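S.K.: Mind looking over this structure? Questions follow.
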Amino acid sequence: MNPVITAWTAVSPYGIDRESFVDGLRGGRAAAVSDGAVHRTALVPGFDARELLGRKGTRSMDRLIGLAVWAVGRLTADRPAERGDRSGLVLGTMGSLQSTMDFSRSSFTEAKPYFVDAARMPNSIMNSAAGQCAIWHSLTGPNVTLAGGRPAGLSALACALRLLRAGRASNVLVGAVEEYSDTRSWIESHSVADSVGGVLGEGCVVLRVEPAGEHPALAEVLAVRSRVALTGDLEGTLTSCVDDALAAAGVSADDVAIEFWSGVPGRADPVADLIGDTGAATAMFHVAGVLATGEPGDVAVVGSADRDGAVVCAVLRLGGPR
C-alpha cells in the first residue's frame with residue numbers, strides 16, 4: 001500500500017499552530033499585513049524563537065531555523081519514543097537569504113583579522129535548518145534538504161516516499177519552510193515581479209509520513225511526479241505531469257474533488273491570496289490546505305511550478321487507503 005500522512009502542523013501568518021491555520025483558511029480570512037522593505041508582508045504573529053524555544057541554543061538562531069525547529073517540535077512531541085535513527089527528516093527550503101547576505105557582507109565590512117562572526121556561519125548554509133531540527137529533536141535518521149522554489153515541499157514529499165520504500169526510515173517528517181526578510185524582499189523586487197498580490201508571507205508546514213496501517217491515516221499519498229519545462233511550455237508540462245500522476249495514482253480527472261495550484265499562470269492560488277507568497281513553503285501550504293478543507297474520500301491534486309520551469313504534482317486521497 002501507499003504511504004500515508006498521519007499528522008501535520010503549520011506555522012503561518014495566522015498563528016503558531018495548526019488550529020490557527022485551519023480556522024483562517026476555512027474562514028477565508030486574509031492574514032494581517034504590514035509594510036516591509038519593498039513588499040507588504042504577512043508575518044507569523046508574535047513569533048519569537050527565544051520565547052518559544054527557550055534561551056539555550058537560540059542566541060544565534062535566525063528566523064527561518066526557529067520556524068522549522070518549532071514546527072518539527074510540534075510533531076515529535078506527540079510520539080517522542082519514535083525519535084532516533086529510524087526517524088527521517090526531509091525539508092524543502094532555500095535557507096535564510098538574510099543570514100547568507102549578512103554573513104557575506106560581514107566578510108567585506110567587519111574588522112580584521114577574522115572579519116566574520118563564526119557563530120553565525122552555520123545559518124548561512126542551506127541545510128542548517130534541517131540539521132538544527134535533527135539536533136533539537138533527536139532525529140538521527142536520514143536528513144535531507146531540497147531546494148526547488150515553490151514546489152520544494154512536493155519534491156521533499158517525493159524524497160520521503162523513496163526513503164520509506166527503500167527501508168531507510170520507519171517514518172519521515174517532511175516539510176518546507178520560508179522566512180520573510182528585507183533581503184528576500186529586495187531580491188524579489190529585482191527579479192521576476194510575480195509575488196502574489198505584492199505580499200510576501202512566511203511559515204512552515206511539516207507532515208509525518210509513514211507506511212499505511214500503523215497509525216490512523218489522514219490521507220494516502222497516491223503519487224508524486226515531476227517535470228521540467230525545458231522549452232518554456234509551462235502549461236503543457238504541467239498537463240503532462242498531472243496526467244502522469246493521475247495515471248500512477250489509478251484515478252481519473254473526474255475523480256478529483258480538490259485542486260490547489262501555485263505559480264501557474266491563469267490558475268488561482270487561494271492560499272497565497274490569503275497569506276501571501278510563501279516561497280519555498282508554497283506547495284506544502286497547499287498540502288496543508290487539502291488536509292484542512294477536504295473530506296474523507298476526496299481525491300486532491302496539488303500542482304506547483306517555479307519560475308525556472310520546475311513542475312511537481314501530487315495526488316492525495318483524504319481519509320487513507322480504501
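S.K.: Output the number of residues of region 77-103 satisfying the condition of being over 22 Å from residue 13 (Cα atoms) and at pLDDT 90 or above.
M.R.: Selection size over region 77-103: 4.
S.K.: Restricting attention to helices (runs of 4 or more DSSP H) lying wholly within region 16-80, give those where 2 or more residues are under 18 Å from residue 178 (Cα atoms), in contact with a strand residue (DSSP E or B) (Cβ under 9 Å, 6 or more places away or on another chain) and not aliphatic (A, V, I, L, M).
M.R.: Filter on region 16-80 gives 18-26, 63-76.
S.K.: Regarding residue 160, is this residue at pLDDT 95 or above, open to solvent by less than 10 Å² (accessible area, probe 1.4 Å), assigned to a helix (DSSP H, G or I) and over 21 Å from residue 263 (Cα atoms)?
M.R.: Answer is yes for this residue.
S.K.: Return yes or no: is residue 173 crowded, with 20+ Cβ neighbours inside 10 Å and not basic (Lys, Arg)?
M.R.: yes
S.K.: Select from region 99-122 the residues that are in a loop (DSSP other than H, G, I, E, B) and of a type in the set (A, V, I, L, M) and write down the one among them that is surrounded by the most Cβ atoms within 10 Å (Cβ to Cβ).
M.R.: Restricting to residues being in a loop (DSSP other than H, G, I, E, B) and of a type in the set (A, V, I, L, M), the top hit is 116.
S.K.: While we're looking at this one, here's another question. Identify the residue in region 176-194 that is small (Gly, Ala, Ser) and surrounded by 21 or more Cβ atoms within 10 Å (Cβ to Cβ) and, among all such residues, is modelled with the highest pLDDT.
M.R.: Looking at residues that are small (Gly, Ala, Ser) and surrounded by 21 or more Cβ atoms within 10 Å (Cβ to Cβ), I get 176.
S.K.: Right, here's the next one. State all residues of region 123-156 that are within 24 Å of residue 182 (Cα to Cα), touching a Gly at 6+ places or on another chain (Cβ under 6 Å) and assigned to a loop (DSSP other than H, G, I, E, B); if no residue qualifies, say none.
M.R.: Hits for region 123-156 are 126, 150.
S.K.: Then there is this: From (1) crowded, with 17+ Cβ neighbours inside 10 Å; (2) at pLDDT 95 or above; (3) closer than 14 Å to residue 205 by Cα, pick out the condition that doesn't hold for residue 19.
M.R.: Just one mismatch for residue 19, condition (1).
S.K.: Answer yes if at least one residue in region 195-204 is touching a helix residue (DSSP H, G or I) at 6+ places or on another chain (Cβ under 6 Å), open to solvent by 20 Å² or more (accessible area, probe 1.4 Å), over 19 Å from residue 311 (Cβ atoms) and in a strand (DSSP E or B), and no otherwise.
M.R.: no
S.K.: If you don't mind, another one. How many of the residues in region 41-98 are within 24 Å of residue 304 (Cβ to Cβ), open to solvent by less than 30 Å² (accessible area, probe 1.4 Å) and touching an Asp or Glu at 6+ places or on another chain (Cβ under 8 Å)?
M.R.: Final tally of qualifying residues: 7.
S.K.: Would it be correct to say that residue 308 is modelled with pLDDT of 95 or more and among the charged types (D, E, K, R)?
M.R.: The answer is no for residue 308.
S.K.: Another one. Give the residue that is nearest to residue 287 (Cα to Cα), with candidates limited to residues of region 17-39 that are touching a helix residue (DSSP H, G or I) at 6+ places or on another chain (Cβ under 7 Å) and among the β-branched types (Val, Ile, Thr).
M.R.: Selected residue: 22.
S.K.: Would you tally the residues in region 134-149 being modelled with pLDDT under 95, under 30 Å from residue 191 (Cα atoms) and either in contact with a His (Cβ under 7 Å, 6 or more places away or on another chain) or open to solvent by less than 40 Å² (accessible area, probe 1.4 Å) (or both)?
M.R.: So the answer is 2.
S.K.: Pick out, from region 208-322, the helices (runs of 4 or more DSSP H) lying fully within it that include 2 or more residues that are in contact (Cβ under 8 Å) with a residue 12 or more places away in the chain, farther than 21 Å from residue 19 by Cα and open to solvent by 20 Å² or more (accessible area, probe 1.4 Å).
M.R.: The qualifying helices (runs of 4 or more DSSP H) are 234-249.
To keep it simple, each residue is scored yes or no on (1) farther than 30 Å from residue 88 by Cβ; (2) hydroxyl-bearing (Ser, Thr, Tyr).
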{"site": "190", "(1), (2)": "yes, no"}
{"site": "215", "(1), (2)": "no, no"}
{"site": "220", "(1), (2)": "no, no"}
{"site": "225", "(1), (2)": "no, no"}
{"site": "235", "(1), (2)": "yes, no"}
{"site": "239", "(1), (2)": "yes, yes"}
{"site": "250", "(1), (2)": "no, no"}
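The values are calculated or read from the model by the stated rules, or taken from the named source; none is laboratory data. These numbers were taken from a predicted model, which means no experiment stands behind them. Backbone-built Cβ (ideal geometry, glycine too); neighbour counts: all protein chains shown. Surface accessibility is based on the protein's heavy atoms, side chains included, excluding ligands, DNA and RNA. Shrake-Rupley method; radii C 1.70, N 1.55, O 1.52, S 1.80 Å.
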